[in-house]
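The values are calculated or read from the model by the stated rules, or taken from the named source; none is laboratory data. These numbers come from a predicted model, not from an experiment. With ideal geometry, Cβ positions are generated from the backbone for all residues, glycine too; neighbour counts draw on all protein chains shown.
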Amino acid sequence: MECEETTGEIADGGQLSLFQDNFKITRWTTDELVAENDSPLCVSYTLTINFRKEQAHLFRRGKVRKGLRRNCR
């Protein structure tokens, strides 16, 4: 299962930009949904939605790219 996050940004002059990310749902209970986005970029994201508390959090983690000796920045 997957979910999609869409973010919109209105720049000066009224131009609308939309950004979409897809997340793979790794856990879904009556209390909480957890989804992961392991993009090929330098970071991965974990989205948690707590239904009881009506809260959502997006956690960002840096990761080491294959073939590089140091973390991406």
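For the range 1-38, filtering for residues that are over 24 Å from residue 61 (Cβ atoms), hydroxyl-bearing (Ser, Thr, Tyr) and part of a strand (DSSP E or B) leaves 1. Looking only at the range 1-10, count every residue that is in contact (Cβ under 8 Å) with a residue 12 or more places away in the chain and surrounded by fewer than 10 Cβ atoms within 10 Å (Cβ to Cβ) and tell me the total. Total meeting the criteria: 5. Checked against the criterion of being modelled with pLDDT under 90, surrounded by fewer than 10 Cβ atoms within 10 Å (Cβ to Cβ), not small (Gly, Ala, Ser) and not in a strand (DSSP E or B), the range 49-66 contains one or more residues that satisfy it. For the range 15-40, the candidate set comprises residues that are surrounded by fewer than 10 Cβ atoms within 10 Å (Cβ to Cβ) and at pLDDT 90 or above; within that set, the residue that is nearest to the chain's Cα centre (by Cα) is 18. Scanning the range 11-26 for residues that are of a type in the set (Asp, Glu) and free of Cβ contacts under 8 Å to residues at least 12 places away in the same chain yields a count of 1.
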